[in-house]
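I'd like to ask some things about the structure below.
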Amino acid sequence: LRRSVDYDVDTYATQLEQILDQKIDILTELRDKVKSFRSALQEEEQASKQITTSGSAAIGPTDVVLEVGPGTGNMTVKLLEKGKKYKLQILVGDVLKTDLPFFDICVANLPYQISSPFVFKLLLHRPFFRCAVLMFQREFAMRLVAQPGDKLYCRLSINTQLLARVDHLMKVTLHTDRPTN
């Protein structure tokens, strides 16, 4: 009693190849996401080092740091590590509608729609603070640092530069620029 098996080798082989192609696509996408995540972590580390250790933004042991929109808390941890004594106080609310406390340094990553109002809120804040390191959408940042004669030079550029020294510190790629709102 021998039965013959009725199957189409080419059909099964084609189906298997399609399944394998799908799996390869999924793994390739996953690999790309891991690479992107690694790159984002490296950029975040670079940015946090620059923010916490360079120039007037270097954090001293007695400095009060205001971090707006702390997101996942990665930068918060770096900021807290810089002081010999620290106290974490969390304020919840709309930063534009809240009276800002005293601070020496402000660190923020802001959504585009509140960038201009927040800059002016900071510029009018008293007592004066020493430094603010702010992450903005590139277009907005370029308007802040634009010089007379630049096509981006505008009222925002004039008013901001009249009241503060404005520098472009670094470009951050899109995948690391994730405001918290």
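Bear in mind these aren't lab numbers, they're just calculated from the coordinates by the rules spelled out. As the structure is a computational prediction, the values presented were derived from the model and not from experiment. When we count neighbours, we look across all protein chains shown, and the Cβ atoms used for this are built from the backbone with ideal geometry, even at glycine.
Rounded to the nearest 0.05, what FRET efficiency do Thr14 and Leu100 give with R0 = 45 Å and r taken as the Cβ-Cβ distance? Could you check? Walk me through the numbers on the way to the answer.
On the way: r = 65 Å, r/R0 = 1.44.
Given R0 = 45 Å and the Cβ-Cβ separation, E is 0.10.
Turning to a different aspect of this structure: Under 5 Å between amide H atoms, partner at least 5 residues away or on a different chain: which partners does Val133 have, H built in plane at 1.01 Å?
Cys106, Val107, Ala108
If you don't mind, there's one more thing I want to ask. How far, in nm, would the chain grow between Gln137 and Glu45 when pulled straight, counting 0.36 nm per residue and subtracting the alpha carbon separation?
Numbers: separation 92, 0.36 × 92 = 33.12 nm, distance 1.93 nm.
Separation in residues times 0.36 nm, less the Cα-Cα distance, equals 31.2 nm.
What does the extension gain come out to for Tyr112 and Lys87, with contour length at 0.36 nm per residue minus their alpha carbon separation? Each step should come with its number before you reach the end.
On the way: separation 25, 0.36 × 25 = 9.00 nm, distance 2.95 nm.
Once the chain is fully extended between Tyr112 and Lys87, it gains 6.0 nm.
Computed FRET efficiency, Cβ-Cβ of Lys151 and Arg38, R0 25 Å: what is it to the nearest 0.05? Don't skip to the answer; put the middle values down first.
Details: r = 37 Å, r/R0 = 1.47.
E(calc), rounded to 0.05, equals 0.10.
Calculated FRET efficiency, Leu27 and Phe128, Cβ-Cβ r, R0 45 Å, to nearest 0.05?
0.25
Can you work out the Karplus-derived ³J(HN,Hα) for every residue in segment 154-162? Use 6.51 cos²θ - 1.76 cosθ + 1.60 with θ = phi - 60°, whole Hz, and x for glycine or proline.
8, 4, 4, 4, 4, 5, 5, 6, 5
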